[in-house]
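K.L.:
What follows is a structure written as structure tokens; I'll ask about it next.
The values are calculated or read from the model by the stated rules, or taken from the named source; none is laboratory data. Because the structure is a prediction, the values reported are computed rather than measured. Neighbour counts are summed over all protein chains in view; Cβ atoms, including those assigned to glycine, are modelled from backbone coordinates with ideal geometry. With ligands, DNA and RNA removed, areas are computed over all heavy atoms of the protein, side chains included. Shrake-Rupley method; radii C 1.70, N 1.55, O 1.52, S 1.80 Å.
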Amino acid sequence: MKKFVALSAAVAAFGFVSVANAADMPTKMPVKASPIAVPYNWTGWYVGLNAGGAWGTTKATDNLATNGAAWVTNGASWTSRPTGFTGGAQAGYNWQMNNFVVGVEADVGYLGVRGTGNYPLLPTTFVDTKGGLFTTARLRGGIAFDNVLVYATGGYFGADFGSSVQTTAAAPVQLLNNGKTGFQSGWTAGGGVEYGINRMWTVKGEWLYYSVPNKQVGNNFAGGGAIVQFFSIQNTGNIARLGVNYRF
């Protein structure tokens, strides 16, 4: 009986020590689950700014005057290569469906292309371009690789190139500078790459080709009375620019 009591006391003591040791052991911190990456979403409105360069071609064509005579040769053409700075602001909306993104964008800005080109058949006559206001309204469509969007774009293009045919002071007959192209409407197409820095800011690089149709302008000339000399002028060119957008 005494042996049984002693054995029971020993077992009880061992259990007490085990429980005490377990209570003193540090508690393990719960392991946090790894966060799941959320795909970049391009859907939403945005506004931004852009700046870059532009270069193009102004083509002038000799037409018949009101008296039936050409300035030099009817149908003869020549060109100038205007270049310059461009900058402006844009706004648009994107809609993402899986990896496909479609949207609309409009922008307005300054197209500062400048350039002159002399008429080879009469070098005292030249075509002059002095660009100004321009605007576009375009569709965009592309493929998103998470926060990188590769897209094509195209639509309406309008600009005031201020193109005219003039004569130098040495010309035997002076054209009066009263025949300018003014604001013209045409089309544009191009593409670009846009990169999402974070959920609110993106940067992009973009190229656009533009074209406006031929426009006939009429110039009076000194000593010509009511006679009006006509020329046709067409502008085409390229815009390469960088931009930044803020997304709402």
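K.L.:
Filter the stretch 61-81 down to residues that are under 15 Å from residue 237 (Cβ atoms) and in a strand (DSSP E or B) and give me whichever is most open to solvent (accessible area, probe 1.4 Å).
P.N.:
Among those that are under 15 Å from residue 237 (Cβ atoms) and in a strand (DSSP E or B), it is 79.
K.L.:
Could you run through the stretch 141-188 and say how many residues are surrounded by 13 or more Cβ atoms within 10 Å (Cβ to Cβ) and among the charged types (D, E, K, R)?
P.N.:
Result for the stretch 141-188: 2.
K.L.:
Next question. Would you mind telling me which numbered condition in (1) free of Cβ contacts under 8 Å to residues at least 60 places away in the same chain; (2) under 16 Å from the mean Cα position of the chain (by Cα) residue 167 fails?
P.N.:
(2)
K.L.:
Right, something else. For the stretch 91-113, which residues satisfy the criterion of being open to solvent by less than 10 Å² (accessible area, probe 1.4 Å) and of a type in the set (S, T, N, Q)?
P.N.:
Passing the criteria: only 94.
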